[in-house]
1. Which FRET efficiency value, to the nearest 0.05, do you get for residue 195 and residue 119 by plugging their Cβ-Cβ distance into 1/(1 + (r/R0)^6) with R0 = 25 Å?
2. Can you classify the range 1-58 as rounded, prolate or oblate using the Cα gyration tensor, where a ≥ b ≥ c are the square roots of its eigenvalues, rounded means a/c under 1.5, and otherwise it's prolate if a/b beats b/c and oblate if not?
3. In whole angstrom, how far apart do the alpha carbon centroids of the range 127-201 and the range 48-119 sit?
4. Using label points projected 7 Å from each Cα along Cα→Cβ, tell me how many nm separate residue 129 and residue 180, to one decimal.
5. Output needed for the range 84-187: three equivalent-ellipsoid semi-axes, defined as square roots of 5 times the C-alpha gyration tensor eigenvalues, in descending order, whole Å.
6. Could I have the simple spin-label model distance between residue 136 and residue 148, label points 7 Å from Cα toward Cβ, reported in nm to one decimal?
7. Hey, what does the equivalent ellipsoid look like for the chain, semi-axes from the Cα gyration tensor as sqrt of 5 times each eigenvalue, largest first, whole Å?
8. Rounded to the nearest 0.05, what FRET efficiency do residue 159 and residue 13 have when you use their Cβ-Cβ distance and R0 = 41 Å?
């Protein structure tokens, strides 16, 4: 084995373990929240020692920041990968469906909406904020286009629609339905999308 291939294998192994750490952190955040989550929790979930965890992330703040950045990048990638023939409204619906499915799988903790401390911490994270602004621009453009196309109510300010859309991604009804109803995840997603885009009237 060449020195180059050894380094390549080592880099791949490091990246795989980092992704496993981010998966574990996301799951722990979803179940315990930021304040109760510890680095010991994450290390135990991955099956590594805490010193090994600190080789990847120097602090809980850094780890949570990177987990949230990865979620935003996933959303941006989803929008970019949607079929070009989709209308603006279809793209908004497809992204919300993706977010709901990720969330039902325990992979989408919307921490900024529930913790002022986390919100302040993330706002100091330049990489996180650049992703937030990019995603916001993309979604705002889709909302305005959908209004122009007559698919969303043009009488509503675009910000009202946009922030209502964000609220649907962290609607507690999703958890209640998953925990207490007898509906399958597919049915929950279908009904939540109908509520979001057609209302209950």
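1. 0.45
2. It is prolate, given that a/c is not under 1.5 and a/b is the larger ratio.
3. Each part reduced to its Cα centre gives a spacing of 15 Å.
4. With each label placed 7 Å out from Cα toward Cβ, I get 4.0 nm.
5. 24, 22, 13
6. In this crude label model, residue 136 to residue 148 measures out at 2.1 nm.
7. Working: eigenvalues 224, 81, 57 Å².
With the √(5λ) rule applied to the chain, the semi-axes are 33, 20, 17 Å.
8. Given R0 = 41 Å and the Cβ-Cβ separation, E is 0.35.
Values quoted throughout were computed directly from the atomic coordinates according to the rules given, and no laboratory measurement underlies them. Worth saying up front: this structure is predicted, and the values here are computed from it rather than measured. A quick note on method: Cβ atoms are made from the backbone with ideal geometry, for glycine too, and the neighbour counts reach across all protein chains shown.
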